[in-house]
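To keep things clear, I will list the structure first and then write my remarks on it.
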Amino acid sequence: MSQATDYALRITRAAGFAWVDFLQDVRDGAMAATRLVVTLAGCTALLAAGAVVSNEEARSQLVELLPASLPFVSTADAMPTREAEGPAPVAEKAAVADPRQKFVVQYLARRYRIADEAARMLVANAFEIGQAKNLDPLLILSVVAIESGLNPFAQSPVGAQGLMQVMTRVHAERFVEHGGHLAALDPIANMKVGSEILQDLIRRGGSVERGLQLYVGAGNMPDDGGYGAKVLGERSRLAIAANGKVDAAIAAARAAGAPAQPKPAEAALQTVGVAPQVNPVPSSRRDQDS
């Protein structure tokens, strides 16, 4: 009888162990399946992120959508904080003002191979400055493009500096309110001062073409050596891009060739050697301030 009892106990134990082994196998299988699903999901997310990062247009759209997608933050909730911190930055105000900016940003970033953020800052401030001074922002950007290729640290042999190649020593007083002559290499300060000079010369010259001729330092010469045509050509391509036809603007730029920068040293020397006009209009590159 005891042997039968022991045999029954062994059978029961064996059955219990079999169930334990079965449950462990189920658990291990579920964990392996979970790891496989997580791995596949992670690989898919990485591939999707890589596709977005490699596509400039998709990346730009994602950056624009990020602020609106932040959880638990609405525009109404954010407004009191912005008012408490002070006025909105120039880039934010200008971005709301004109929806064409994002296309201009795409064009400049692709055309001149600069970071989207840098292009966005330049475009936003050009639109803000243009609105404040009643000056075409696309003209400002075209002068920036032709003068410096969007390089804020550019400097000519005769001392023209920054994005709009302003003669800092000639227009030193214009930079006082921006912190002094070193502000010539600050992108925003340089654009503001350069736009002021350009606006003055257009007004005095009576036309955009004449203003550009004065701006490049060719006021006393028969023509500007093609400078105005280059600036206005780039302005026309910016207008195409602003209408959403970025690819067409890029194609037009490639067809026109690389934007040739002016020769301020040569222009300044030629200007000095020409007899002054009856009512000469000093340009941004003349030795006398306007």
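In the stretch 122-247, inverting the average of 1/r over every pair of distinct C-alpha atoms gives 14.6 Å as the Kirkwood radius.
In this label model, residue 155 and residue 23 are separated by 7.9 nm, measuring between points 7 Å along each Cα→Cβ vector. Placing R0 at 25 angstrom, the Cβ-Cβ distance between residue 204 and residue 181 gives a FRET efficiency of 0.55 after rounding to 0.05.
Between residue 229 and residue 117, the FRET efficiency from the beta-carbon distance, with R0 = 35 Å, is close to 0.65. The stretch between residue 30 and residue 248, if pulled fully straight at 0.36 nm per residue, gains 73.0 nm over its current Cα-Cα span. Per-residue Karplus couplings for the stretch 217-224, computed as 6.51 cos²θ - 1.76 cosθ + 1.60 with θ equal to phi - 60°, are listed in order as x, 10, x, 9, 9, x, 8, 9 Hz, Gly and Pro entered as x.
Just so you know, all these numbers are worked out from the coordinates, no wet-lab data involved. In this text, all values refer to a predicted model and were calculated from it rather than measured experimentally. Because the Cβ atoms are built from the backbone with ideal geometry, glycine has one as well, and the counts that use them run over all protein chains shown.
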